[in-house]
1. Can you name every residue in region 41-62 that is among the β-branched types (Val, Ile, Thr) and out of contact with any Pro (no Cβ under 7 Å at 6 or more places or on another chain)?
2. Among the residues of region 79-86, are any modelled with pLDDT of 95 or more, over 13 Å from the mean Cα position of the chain (by Cα) and either surrounded by fewer than 16 Cβ atoms within 10 Å (Cβ to Cβ) or farther than 18 Å from Phe135 by Cβ (or both)?
3. Of the residues in region 100-136, how many are over 12 Å from Arg19 (Cβ atoms), open to solvent by 20 Å² or more (accessible area, probe 1.4 Å) and either modelled with pLDDT of 90 or more or among the charged types (D, E, K, R) (or both)?
4. Among the residues that make up region 67-77, is at least one of them modelled with pLDDT under 95 and under 14 Å from the mean Cα position of the chain (by Cα)?
5. Here are some conditions: (1) under 18 Å from Ile148 (Cβ atoms); (2) modelled with pLDDT of 75 or more; (3) surrounded by fewer than 20 Cβ atoms within 10 Å (Cβ to Cβ); (4) in contact with a helix residue (DSSP H, G or I) (Cβ under 8 Å, 6 or more places away or on another chain). Leu90 meets all but one. Which one does it not meet?
6. Among the residues of region 137-153, write down those that are farther than 20 Å from Ser20 by Cα and open to solvent by 30 Å² or more (accessible area, probe 1.4 Å).
Amino acid sequence: MTTLKPPNLFSIVEPGIYRSNAPLDENLPFISKLNLRTVVFLSPEVLLRSVVDFFEEKNVQLHNMGLQVWKPDPNWTSTSDEFMKEALQLILDTRTHPVLVCCSSGIFQTAPLIGCLRRLQNWSLTSILAEYRTFAGSRARLAHEQYIEFFVWASASVMVMERHRT
């Protein structure tokens, strides 16, 4: 019998959307059970070759967004409107579901993205920040909390409403 070990910080965001840190080889039997269609990797680092091969073998579409927007600047952060909008478009599109959203830590890119999703779902800011802090723990960043607080994207709100009507 194979042991099923989820990636660190794994959680169900909502039906069809999962979150975690970057999967490792030991997590692949668990990941396989999710029957993923898409993985949205948000970090500028590269996933392990064996994990990428696993996704290819399972016909899981991998979007390595961190590599697409990374800039060689020491002050760079992936918490930008363009980055968030593109990632939200991917996870809000039910054709990509089931989808795993992850980053190297499971915190620095994933947590703000899920916080912005919660804003679009009209969660209270208190609840959003409580969820953010639950996952970030002592590594929570005030800049991320402020980004979530002030995040506004009108067209994404329309996408969320349309998605929940179907």
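The values are calculated or read from the model by the stated rules, or taken from the named source; none is laboratory data. Worth saying up front: this structure is predicted, and the values here are computed from it rather than measured. We place every Cβ from the backbone using ideal geometry, glycine too, and count neighbours over all the protein chains shown. Heavy atoms of the whole protein, side chains included, go into the accessibility calculation; ligands, DNA and RNA do not. Shrake-Rupley method; radii C 1.70, N 1.55, O 1.52, S 1.80 Å.
1. Val46, Val52, Val60
2. Checked region 79-86: no residue is modelled with pLDDT of 95 or more, over 13 Å from the mean Cα position of the chain (by Cα) and either surrounded by fewer than 16 Cβ atoms within 10 Å (Cβ to Cβ) or farther than 18 Å from Phe135 by Cβ (or both).
3. The total comes to 11.
4. no
5. Unmet for Leu90, out of (1) under 18 Å from Ile148 (Cβ atoms); (2) modelled with pLDDT of 75 or more; (3) surrounded by fewer than 20 Cβ atoms within 10 Å (Cβ to Cβ); (4) in contact with a helix residue (DSSP H, G or I) (Cβ under 8 Å, 6 or more places away or on another chain): (1).
6. In the first step, residues of region 137-153 are kept if they are farther than 20 Å from Ser20 by Cα; the result is 142-143, 146-147, 149-153.
Within region 137-153, Leu142, Ala143, Gln146, Tyr147, Glu149, Phe150, Val152 meet the criteria.
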